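Novice: The structure's right below; bear with me while I get my questions together.
The values are calculated or read from the model by the stated rules, or taken from the named source; none is laboratory data. None of the values given here were measured: they were computed from a predicted structure. So basically every Cβ, Gly included, is an ideal-geometry build from the backbone, and we count neighbours across all protein chains shown. For accessibility, only protein heavy atoms count, side chains too; no ligands or nucleic acids. Shrake-Rupley method; radii C 1.70, N 1.55, O 1.52, S 1.80 Å.
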Amino acid sequence: PVTAPATMLRAVSALSDDLDANTMKKPATKRTKRVEVFDEDGQWPKYGFVTPKRGLSAVARFEPFFGKMAPDVGPLNMRVVPENKGKTFKQIGSHKLPLVPGPCVINSYGALRCFSASYTACQSHMSVRASKDLGTQVYYWDAYKAACRAHKRRRGKYLRPTVAEFLAGLPTGWSAPWENSVNPQQFRDLFPFHGRVAESDKRKVVSLFSGILGLDLGVSELCTPLAHVESSAFCRSVIECRIRDKFFPRAPIFEDVATFVPKGTLLNTEGYIGGFPCQGVCKAGLQLGMADSRTGLVSHLFRLIDVSPNCYFAYLENVGALLSPKLRSTLIYILQEFTARGFAVSWGTVTGRMIGVQVNRERVFLLAVKHGVAGRNLIQDFTLMTHAQAETECNQPWNRRGRIPLFEWLKPDVSTVDVDRLKSLGNVVFPRVARLGLNILLRHLKQQMDGVC
């Protein structure tokens, strides 16, 4: 199929004098501008492109190569039936939370926390806030109730981490902080592309905000990490175990991106990858953007690019709300910092259902490639998925070795390790979603080669 011609969107630039702390934190640069992109739905295009030459004065929209590849997979469609409907609210401290009007259908899973079960599944009703939690959704799911009755099991209260691993397309035990917890055959089934390219032929990158290596797995056909940077002690222990299991080459692990400075061989890094913190972006928070100290950590990426002489690309991930009008200043800041350094940036939205998962989980990926020979070689050398390959991967049975009987989705008790595993899985990047996003963006940049490199 031929990519539709890029449609140039109208853009208006003005000084950002009205950007205050409630919207974003002004970066220490004079390049910041306010840009309004007028789209049909009032937000940034889901697939967009900017060049360093024209910058944000012209934002181009494009149609993704795999845009029509999404298999016909419906959502989980949990029919939740709250009990004890007589109450109108639930008292939690000083807050009154309204109940879910039941029965109702939930079309996607909620946050991967297990805390809510302690004050919802133990009770006889469910609040609107708790309905955002997968563990609570399962507890009140009529199909789960029926499965427990059929197998003569009592309903559990806490979500099993292995269920979250299954939904994320990770091997069973991937988030466990001990060695040999992953079945190598299941890993090869899920990621047949992982070992196709020799480590010596891959691009050398530094993985920022590594988490439990979801994004690293998604780009493992193209990149190999020279180092990992992760603030969570639990996630660092998981990374160490997966390295000892030889799923990734040995690499140093650093704790704080704000103090990380590449030295020695790390100065040879060719790129940076990472899913920067979403607390200032996601709808569950205040959406302060760069004014949120956690989301604002993405500014250190540009500091690292400035001190890495061989860096010519970056691959970033965040939640779909990054493209909303309320957070336009955050996206503007990122795009302006890249284009000011000579990078062309292509971004796109990829969902779990595009790869055959019953979970939407909309995510935005940004691929920045620097003008020059190295950037051109990156685009030309990577072997892109064909339509046939994408169709085969998207329509294969999803994580069949990781499937768990429905009546075992919840467990009666919870441990500290379970809590840490679910927290890390709630933030993980779906590896195959990241891989599809990389293919979409690289293919578009390849078609725009003359304007990029």
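Novice: Looking at the range 155-193, which of its residues are open to solvent by 20 Å² or more (accessible area, probe 1.4 Å), more than 17 Å from ILE404 (Cβ to Cβ) and touching a helix residue (DSSP H, G or I) at 6+ places or on another chain (Cβ under 7 Å)?
Specialist: Within the range 155-193, PRO177, TRP178, GLU179 meet the criteria.
Novice: Then there's this: Among ASN377, ASN427, ASN439, which is the only one that is closer than 29 Å to GLU337 by Cα, at pLDDT 80 or above, under 23 Å from the mean Cα position of the chain (by Cα) and surrounded by fewer than 21 Cβ atoms within 10 Å (Cβ to Cβ)?
Specialist: On the way: ASN377 fails: under 23 Å from the mean Cα position of the chain (by Cα); ASN439 fails: surrounded by fewer than 21 Cβ atoms within 10 Å (Cβ to Cβ).
Criteria check complete, one pass: ASN427.
Novice: So in the range 284-298, with the set limited to residues that are open to solvent by 20 Å² or more (accessible area, probe 1.4 Å) and under 18 Å from the mean Cα position of the chain (by Cα), which one is modelled with the highest pLDDT? Even if it seems obvious, please write down each step before you answer.
Specialist: So the first thing to find is which residues in the range 284-298 are open to solvent by 20 Å² or more (accessible area, probe 1.4 Å), and the list is 284-288, 291, 293-294, 297.
Those still in the list that are under 18 Å from the mean Cα position of the chain (by Cα) too: 284-285, 287, 294, 297.
Numbers: ALA284: 69, GLY285: 72, GLN287: 81, ARG294: 91, LEU297: 94.
That would be LEU297.
Novice: If the requirement is being within 19 Å of the chain's Cα centre (by Cα) and either outside any loop (DSSP other than H, G, I, E, B) or of a type in the set (Lys, Arg) (or both), which of these qualifies: SER220, SER207, SER200?
Specialist: Numbers: SER220 fails: either outside any loop (DSSP other than H, G, I, E, B) or of a type in the set (Lys, Arg) (or both); SER200 fails: within 19 Å of the chain's Cα centre (by Cα).
One residue alone meets the criteria, SER207.
Novice: For the range 338-352, give me the residue count where each residue is under 15 Å from TYR312 (Cβ atoms) and open to solvent by less than 10 Å² (accessible area, probe 1.4 Å).
Specialist: The total comes to 5.
Novice: Let me ask something additional. Residue by residue through the range 302-337, note down the ones that are of a type in the set (Phe, Trp, Tyr) and either open to solvent by 20 Å² or more (accessible area, probe 1.4 Å) or not in a helix (DSSP H, G or I) (or both). Before you say what the answer is, go through the steps one by one.
Specialist: Taking the range 302-337 first, the residues of a type in the set (Phe, Trp, Tyr) are 302, 312-313, 315, 333.
Residues satisfying the conditions are TYR312, PHE313, TYR315.
Novice: Same structure again: Just one of ALA198, ALA227 is touching a Ser or Thr at 6+ places or on another chain (Cβ under 8 Å) and within 25 Å of LEU267 (Cα to Cα); which is it? If you could, list the steps in order and put the result at the bottom.
Specialist: Details: ALA198 fails: touching a Ser or Thr at 6+ places or on another chain (Cβ under 8 Å).
Residue meeting the stated conditions: ALA227.
Novice: Considering only residues that are within 13 Å of the chain's Cα centre (by Cα), more than 24 Å from TYR272 (Cβ to Cβ) and not in a helix (DSSP H, G or I), which ones fall in the range 338-358?
Specialist: THR351, the sole residue that qualifies.
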